Amino acid sequence: MPKCAVITGVTGQDGSYLAEFLVKRGYRVVGVIRRASGPNLSRIEHLQDQIDLRPADLLDQLSIVRLLDEVKPDEVYNLAAMSFVPTSWEQPVLTGDINSQGVTRVLEAIRQVNPKVRFYQASSSEMFGKVREVPQTEVTPFYPRSPYGVSKVFGHYMTVNYRESFGIFGCSGILFNHESPRRGLEFVTRKVSNGVARIKRGLSNKLALGTLDAKRDWGFAGDYIRAIWLMLQQDRPDDYVIASGVTHSVRDLVEVAFSHAGLNWQEHVVVDPKFHRPAEVDLLVGDATKAHRELGWAPEVDFEALVKMMVDADLDRLGPRQPVSSTSTAGVLDTRG
Ligand code: NAP
Ligand code: G4F
């Protein structure tokens, strides 16, 4: 019998890579989709005949219980979340309901339907926030700096508690920022790669960003998915930091992305205070020694290769060069991000 995995958040960046990964390993993959008024399956279109899509919502306990009861999975990967930090200040209650109590709902469903199901929780380096030590490890104290970060601390500790209280095989992956050509357009890496491609193709001339000083430990989503799966294949459940161990500023990101397209970033990037956050996470850099040692995991794509991959993908997506007026400021990219 092939193993069966349920993926919440299958329509998102990580869910799409994980679904591909598990299908290749012969899993029966069940992806959870919530009701939308229009199609939002673009990241998993190519997989649609290889995975089973079922409706459920992290806000609806019964829908999760029913799903697990019908599907009888061996593994549940809880990737669903309200994942954009700025939105968490606008919608803190919804953020908590999905990212915190949503985790409880899945854990309770497992406890009720089959406590032997293995569970993965998508925790985040945002939990470190105003960092207490550098680099951050599995034992670094948390100091979240946004409702999103706070909500993820709750989900993390519920996973630890269901493991320690009820013997659930629950693992929490503390993943640092990971990106790809499938990243949402509002996150800074994709905003930059898309902005560079638009400028290069003559569709825009300026890119408005927030702080250029914040530093992140950026990796490739395809690499991080392997670590997630490895956690659930171990003899005992545990928590792991997954990171590249190298940090770069947003300014570094911008420099690499623009120069890869033959552009000078200083001619195009403007700082707009509207993208500044009520509280910033200034520096993240993870120490993934435990994952290297116990999971045998290591990333394969470094920062420069990642940025170039994303710029190339957006250039390809936008197609051939359009006529450009170098003095025009029309079309300044103004996404939510
Ligand atoms: P993403 O692209 O924003 O995807 C989020 C997914 O969650 C989407 O499939 C979304 O469905 C789904 N979702 C949201 N609310 C839901 C609800 N109430 N019920 C069911 N599904 C719901 O996020 P990602 O980058 O793939 O990240 C995956 C997970 O890892 C998230 O939990 C995120 O917080 C966490 N994480 C991400 C990173 C990173 O750098 N990417 C780092 C650390 C942790 P719709 O398509 O319907 O909106
Ligand atoms: O790309 P970001 O929006 O990602 P952020 O806030 O680090 O969160 C991401 O990574 C977390 C893991 O640490 C995940 F848990 C979370 O779900 C999400 O995937 O912003 C990165 C940095 C920030 O310091 C931000 O202030 O880039 C800075 N930034 C500067 N200008 C910008 C912009 N961020 C965005 N989104 N848009 C800007 O214009």
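Can you find a residue in the range 74-83 that is within 15 Å of ligand 1 (Cβ to nearest atom), surrounded by fewer than 21 Cβ atoms within 10 Å (Cβ to Cβ) and outside any helix (DSSP H, G or I)?
yes
Residues of the range 3-25 that are over 15 Å from LEU232 (Cβ atoms) and either open to solvent by 10 Å² or more (accessible area, probe 1.4 Å) or part of a loop (DSSP other than H, G, I, E, B) (or both): GLY9, VAL10, THR11, GLY12, GLN13, TYR17, GLU20, VAL23, LYS24. Looking at ARG28, ARG35, can you tell me which residue is farther than 15 Å from ALA80 by Cβ, touching a Pro at 6+ places or on another chain (Cβ under 8 Å) and open to solvent by 80 Å² or more (accessible area, probe 1.4 Å)? Going through ARG28, ARG35 in turn, just one is farther than 15 Å from ALA80 by Cβ, touching a Pro at 6+ places or on another chain (Cβ under 8 Å) and open to solvent by 80 Å² or more (accessible area, probe 1.4 Å): ARG28.
Inclusion of ASP49 among residues that are touching a residue at least 12 places away in the same chain (Cβ under 8 Å), out of contact with any strand residue (DSSP E or B) (no Cβ under 8 Å at 6 or more places or on another chain) and more than 24 Å from ILE174 (Cα to Cα) is not warranted.
Taken over the range 44-71, the criterion of being closer than 22 Å to LEU18 by Cα and in a loop (DSSP other than H, G, I, E, B) is satisfied by GLN48, ASP49, GLN50, ILE51, ALA56, ASP57, LEU58. Of the residues in the range 280-294, not one is in contact with a Leu (Cβ under 6 Å, 6 or more places away or on another chain) and of a type outside the set (A, V, I, L, M). For the range 96-131, taking the residues that are in a loop (DSSP other than H, G, I, E, B) and either open to solvent by less than 20 Å² (accessible area, probe 1.4 Å) or more than 13 Å from ligand 2 (Cβ to nearest atom) (or both), the one that is nearest to ARG66 (Cα to Cα) is identified as ASN114. Residues that are open to solvent by 80 Å² or more (accessible area, probe 1.4 Å) and part of a loop (DSSP other than H, G, I, E, B) were ranked within the range 301-334; the one that is modelled with the highest pLDDT is ASP302. Note on the range 152-170: residues that are assigned to a strand (DSSP E or B) and surrounded by fewer than 24 Cβ atoms within 10 Å (Cβ to Cβ) total 1.
The values are calculated or read from the model by the stated rules, or taken from the named source; none is laboratory data. Computed from a predicted model, the values in this text were never measured in an experiment. Cβ sites come from the backbone with ideal geometry, for glycine too, and all protein chains shown count toward neighbours. Just the protein is used for accessible areas: all its heavy atoms, side chains included, with ligands, DNA and RNA removed. Shrake-Rupley method; radii C 1.70, N 1.55, O 1.52, S 1.80 Å.
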